[in-house]
Amino acid sequence: MSENRNFWINEEKKLDARVHQATWPGGQNALDRLAKQGKKPVRDLIQLLVDPETEFYELSRIAGFGVNYPGGIEDVPCGGLVTGIGKINGNWTMIFGNDSRVKAGTYFPITLKKHLRAQAIAEQCGLNCVYIADSGGAFLPMQADVFPDDGHFGSMFFNMARMSSQGLKQITLSTGGNTAGGAYIVFMACQSVMIDKMSYSFLGGPPLVKMATGEVISAEDLGGARVHTHTSGGADHFCSNQEEAVSRVREILSLEPPSKIHSHRYAEKPPLVSPETIYDLMPIGTHQGIDGRAIIETIADDSYFIEYKKHYAPGQGDNILTGKIRIKGIPVGVVMSNSVGIIFLEAARKAAEWIVRCSQEKIPLLFIQSAPGYMVGSESEHNGIGKYGSDMVRAVSCAQVPKIQLVIGPDNGAANYGMCGRAYKPHLLLSTMRARTGVMSGRSAAGVLLSIEEKNREVKGNPMTDEEKQTFSQAMIKKYDGEADPLYCGARLLSDRVLKFSEIRDWLAMAFEVSLLKPIGDPAFGNMRF
Ligand code: COA
């Protein structure tokens, strides 16, 4: 086994460990408690919901670790919510499921961020949504951080209403208590399914009702499945257990017209080199140069890359590779960092031109990011790197085709913008254990901050000793490198999924398929002008 492969396989074990924590909150006790309530863990329900033998592409599994909320809550495993894309009756669908094992599935700020991100993907790609609702609503000790603002609790229902008006079905399967604000997930749905003596929904639960009106009533009589399907009309389907309820959701969606992608799809061909070869190609040091062309060979059908401007400005222009590939038959335009990835103005010009060209040809774009920034220094500044870098950022901002970003190395400074970072609204942002997303590397940040601190201390007449300088630098390197780590970024939802290298091709194929469900040229893609 090569040294590189060995290293990355070990790094991915860290990811596995984190995913295990995320998917088994509360261990066996929590499972036993669910079983006593007649409930399956939410991922088992999702597996029943999606078509047999198909994969559920789970998003943001490592959200919520190290969030350090008030009250001593360090982690909210998986953000307390499972989200992901799976096929129901052959149609790609966004699926949400509260994990009631995590503080009764209540909404922390990270839970909301995850919910809203999944809704944004669904709206951008035109996916129907299924909500498996089992939530105590807002996490009350943090109500000020989750309730009143735009982007808080109300936005979930705003999104449901808007997507429903666009014809995107919003189906809720309630498997537990959905109280107060949480009740709207049931009542706002196009159709909702409730389960006898398991699902409840009310604007105020029995304790609040007693306080407000003096009425003493059980949860079942106040807002159980029977009440809402037989009396209030607030829900539409009455089922007697979870399995029946899942089948009902599949039935409700069974007459949806089959979705198709808006692209010609060629016959799929595997790469000529094994996709696993990528492990050998990834240098251990994140700032060591990569062989972009060899990496593309592990991803592209037939390992076939039609390179654009291959010979332009060698040593500078080829720090970004541009061209076309097919991924599982889907034609894709590539903008890929190469070598050490520093973006020279020649590379910026080439990339900007290519992005515009793909956009005009209605070819979706794949950005493979491993760039520590645009080239600095007087020569570069005087030759206009600021202007040419901006042209690239402008092209990325206005490109009206689906964009997917995959981060496999440094992701710093304005290179984050030019290579379609989060603010540039990629349909999916995928990361790997080699990704390092931060304003600059720890070493650079430490250097900048040290020079500021040194100056301050000199002004105060108390210059830093060598030992103080070293301690200061090390602390800054630790902080900045720690914050750039893919597990840290994934915990804060700065990526949609941290992938293993072996998963890249499958995920990219799914991502392009899903993001091409809406026709290119739809107003959602912009005004077609640069
Ligand atoms: N805010 C903060 N914490 C909450 C919460 C909320 N809205 N709802 C539940 N929790 C916490 C509980 O305190 C408990 O914490 P603990 O494990 O540290 O003791 C944990 O979540 C599990 O709750 P529990 O009541 O034991 O679970 P359950 O399965 O028996 O009942 C509910 C689930 C949702 C029916 C019930 O917790 C409930 O009615 N919660 C209040 C809902 C509400 O009024 N929400 C209004 C907000 S919009």
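The values are calculated or read from the model by the stated rules, or taken from the named source; none is laboratory data. Quick caveat: nothing in here was measured; it's all calculated off a predicted structure. Every residue, glycine as well, gets a Cβ built from its backbone with ideal geometry; the counts of neighbours run over all protein chains shown. What goes into the accessible areas is simple: the full protein's heavy atoms, side chains included, and nothing from ligands, DNA or RNA. Shrake-Rupley method; radii C 1.70, N 1.55, O 1.52, S 1.80 Å.
Could you please find all residues in the range 269-283 being open to solvent by 20 Å² or more (accessible area, probe 1.4 Å) and touching a strand residue (DSSP E or B) at 6+ places or on another chain (Cβ under 8 Å)?
Lys269, Leu281
Suppose the filter is open to solvent by less than 30 Å² (accessible area, probe 1.4 Å) and within 16 Å of the ligand (Cβ to nearest atom); does Tyr131 pass it?
yes
Given (1) assigned to a loop (DSSP other than H, G, I, E, B); (2) at pLDDT 95 or above, identify the lone condition not met by Asp280.
(1)
Restricting to the range 189-219, and then to whatever is of a type in the set (A, V, I, L, M) and within 22 Å of Arg250 (Cα to Cα), can you tell me which residue is nearest to the ligand (Cβ to nearest atom)?
Met198
Filter the helices (runs of 4 or more DSSP H) completely within the range 290-408 down to those with at least 3 residues that are crowded, with 18+ Cβ neighbours inside 10 Å.
The helices (runs of 4 or more DSSP H) meeting that bar are 292-299, 345-361, 385-398.
Any residue that is within 23 Å of the chain's Cα centre (by Cα), at pLDDT 95 or above and among the small types (Gly, Ala, Ser) - is there at least one of those in the range 15-24?
yes
Could you check the range 213-230 and list, in sequence order, the residues that are without any contact (Cβ under 8 Å) to a residue 24 or more places away in the chain and hydroxyl-bearing (Ser, Thr, Tyr)? Please lay out each step first, then the result.
The first filter runs over the range 213-230 and keeps only residues without any contact (Cβ under 8 Å) to a residue 24 or more places away in the chain, leaving 213-218, 220-222, 227, 230.
If the condition is that a residue be without any contact (Cβ under 8 Å) to a residue 24 or more places away in the chain and hydroxyl-bearing (Ser, Thr, Tyr), then Thr213, Ser218 are the ones that fit.
Considering only the range 428-436, I want to know if a residue exists there that is open to solvent by 70 Å² or more (accessible area, probe 1.4 Å) and of a type outside the set (Lys, Arg). Can you show your working first?
Of the range 428-436, the ones open to solvent by 70 Å² or more (accessible area, probe 1.4 Å) are none.
Checked against the condition, which is being open to solvent by 70 Å² or more (accessible area, probe 1.4 Å) and of a type outside the set (Lys, Arg), the range 428-436 yields no hits at all.
Going through the range 136-174 one residue at a time, which ones are open to solvent by less than 30 Å² (accessible area, probe 1.4 Å), closer than 25 Å to Lys36 by Cβ and within 11 Å of the ligand (Cβ to nearest atom)?
Gly137, Phe139
Restricting the search to the range 33-87, which residues are on the phi > 0 side of the Ramachandran plot and either hydrophobic (A, V, I, L, M, F, W, C) or in contact with a helix residue (DSSP H, G or I) (Cβ under 6 Å, 6 or more places away or on another chain) (or both)?
Ser60, Gly64, Gly66, Gly71, Cys78, Gly79, Gly80
Could you say which residue among Thr83, Thr106 is touching a Leu at 6+ places or on another chain (Cβ under 6 Å) and among the hydroxyl-bearing types (Ser, Thr, Tyr)?
Thr83
Looking at the range 93-119, which of the residues that are within 16 Å of the ligand (Cβ to nearest atom) and among the hydrophobic types (A, V, I, L, M, F, W, C) is surrounded by the fewest Cβ atoms within 10 Å (Cβ to Cβ)?
Initially, the range 93-119 is screened for residues within 16 Å of the ligand (Cβ to nearest atom), giving 97-112, 115.
In the following step, the residues that additionally are among the hydrophobic types (A, V, I, L, M, F, W, C) were identified as 102, 104, 108, 110, 112.
Details: Val102: 23, Ala104: 18, Phe108: 24, Ile110: 24, Leu112: 23.
Filtering the range 93-119 for residues that are within 16 Å of the ligand (Cβ to nearest atom) and among the hydrophobic types (A, V, I, L, M, F, W, C), the one surrounded by the fewest Cβ atoms within 10 Å (Cβ to Cβ) comes out as Ala104.
Report whether or not Arg492 is open to solvent by 10 Å² or more (accessible area, probe 1.4 Å), farther than 13 Å from Val407 by Cβ and basic (Lys, Arg).
yes
What single numbered condition from (1) without any contact (Cβ under 8 Å) to a residue 12 or more places away in the chain; (2) within 16 Å of the ligand (Cβ to nearest atom); (3) more than 35 Å from the chain's Cα centre (by Cα) fails to hold for Gly233?
It is condition (2) that Gly233 fails.
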